[in-house]
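A short worksheet on the structure shown next.
The values are calculated or read from the model by the stated rules, or taken from the named source; none is laboratory data. None of these values were measured; they are calculated from a predicted model. Using ideal geometry, Cβ is built from the backbone for each residue, glycine included, and neighbour counts are taken over all protein chains shown.
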């Protein structure tokens, strides 16, 4: 039973990690906590639903997976549209407020943007849950007492691939190095010739794309709901804080810890209290080690 709970925790933690990366990049480069990050996950899931619905008559699957090339197209479309949405929200809401010296204004604005986006989802798609497919997958045993579906294996594998790709992007490319320099000192980065406005745009593109992928993967393995981003925002923040606020690698570590802890908590608590585990871990880390597990933030 513990093995199965650990597997479920890794699956949930992988989804949380992708969303938390965007959250921690926004904090590190733009210097504010974006409470609208959860709604980017939701919009990503619904953008993919539009594309999947458009290919409803196409029956294509990759091996044992529940989806085929239409879902791949939907995933890419969701990433692109969610990135555009993130840039649009930044242009309309956050960019004017960055000129202000009152940092809390950005946080409050992100609350307002979150509420607006959440209700916009309900207005467009309605409050009822949705699914990418009605096919039921049969889980297979990969270890004694551990059963997972092919889609869940795909989720973990894709998350690992994206994290490795992001690592090389930040450490090897010119743009990635510019983003790290801007995170360290925006004023110095601008003086040295780095286009900070371009870095900000790409921060939203990367963060929005990863949020969209997280939303699609969550919807693929659970279900799509207008409240899914709102339900995940606390675990996203807990993961970012647990690993080290501002650290991409800390967000991944924090996401896995939160996912595993929430699932193992059913050994001692009823499932109703699972969401409280993320909150308790976040408070514990703030009290004991405010800088997080990995210490000083580093993009």
Got at least one residue in region 205-226 being in contact (Cβ under 8 Å) with a residue 40 or more places away in the chain, over 22 Å from residue 160 (Cα atoms) and in contact with a helix residue (DSSP H, G or I) (Cβ under 7 Å, 6 or more places away or on another chain)? yes
Given the conditions (1) closer than 26 Å to residue 202 by Cα; (2) in contact with a helix residue (DSSP H, G or I) (Cβ under 9 Å, 6 or more places away or on another chain); (3) at pLDDT 90 or above, every one holds for residue 8 apart from (1)
Quick check on my filter: what residues within region 240-299 are outside any helix (DSSP H, G or I), touching a helix residue (DSSP H, G or I) at 6+ places or on another chain (Cβ under 9 Å), under 21 Å from residue 10 (Cβ atoms) and without any contact (Cβ under 8 Å) to a residue 24 or more places away in the chain? 269
Residues located in region 143-174, provided they are in contact (Cβ under 8 Å) with a residue 40 or more places away in the chain and not in a helix (DSSP H, G or I): 143, 144, 145, 146, 147, 148, 149
Within region 270-283, the count of residues that are surrounded by 13 or more Cβ atoms within 10 Å (Cβ to Cβ) and more than 21 Å from the chain's Cα centre (by Cα) comes to 1
Within the group 51, 74, which residue is surrounded by 22 or more Cβ atoms within 10 Å (Cβ to Cβ), more than 24 Å from residue 108 (Cα to Cα) and either in contact with a helix residue (DSSP H, G or I) (Cβ under 6 Å, 6 or more places away or on another chain) or without any contact (Cβ under 8 Å) to a residue 24 or more places away in the chain (or both)? 74
Which residues, taken from region 226-239, are over 11 Å from the mean Cα position of the chain (by Cα) and either outside any helix (DSSP H, G or I) or closer than 16 Å to residue 261 by Cα (or both)? 226, 227, 234, 238
Being closer than 22 Å to residue 83 by Cα and either buried (at least 20 other Cβ atoms within 10 Å of the Cβ) or touching a strand residue (DSSP E or B) at 6+ places or on another chain (Cβ under 8 Å) (or both) narrows it down to one residue among 196, 213; which is it? 213
Going through region 36-47 one residue at a time, which ones are farther than 12 Å from residue 85 by Cα and over 12 Å from the mean Cα position of the chain (by Cα)? 46
Scan region 89-104 and tell me whether some residue there is surrounded by fewer than 16 Cβ atoms within 10 Å (Cβ to Cβ), in contact (Cβ under 8 Å) with a residue 60 or more places away in the chain and farther than 18 Å from residue 205 by Cβ. yes
Selection within region 117-132 - surrounded by 14 or more Cβ atoms within 10 Å (Cβ to Cβ) and either without any contact (Cβ under 8 Å) to a residue 60 or more places away in the chain or at positive phi (or both): 120
Please report, ordered by residue number, the helices (runs of 4 or more DSSP H) entirely within region 1-95 with at least 3 residues that are under 24 Å from residue 140 (Cα atoms) and touching a strand residue (DSSP E or B) at 6+ places or on another chain (Cβ under 9 Å). 2-30
Residue set 107, 163; condition buried (at least 16 other Cβ atoms within 10 Å of the Cβ), farther than 28 Å from residue 1 by Cβ and under 23 Å from the mean Cα position of the chain (by Cα); output residue 163
What is the residue count in region 187-204 for residues that are touching a residue at least 12 places away in the same chain (Cβ under 8 Å) and in contact with a helix residue (DSSP H, G or I) (Cβ under 7 Å, 6 or more places away or on another chain)? 8
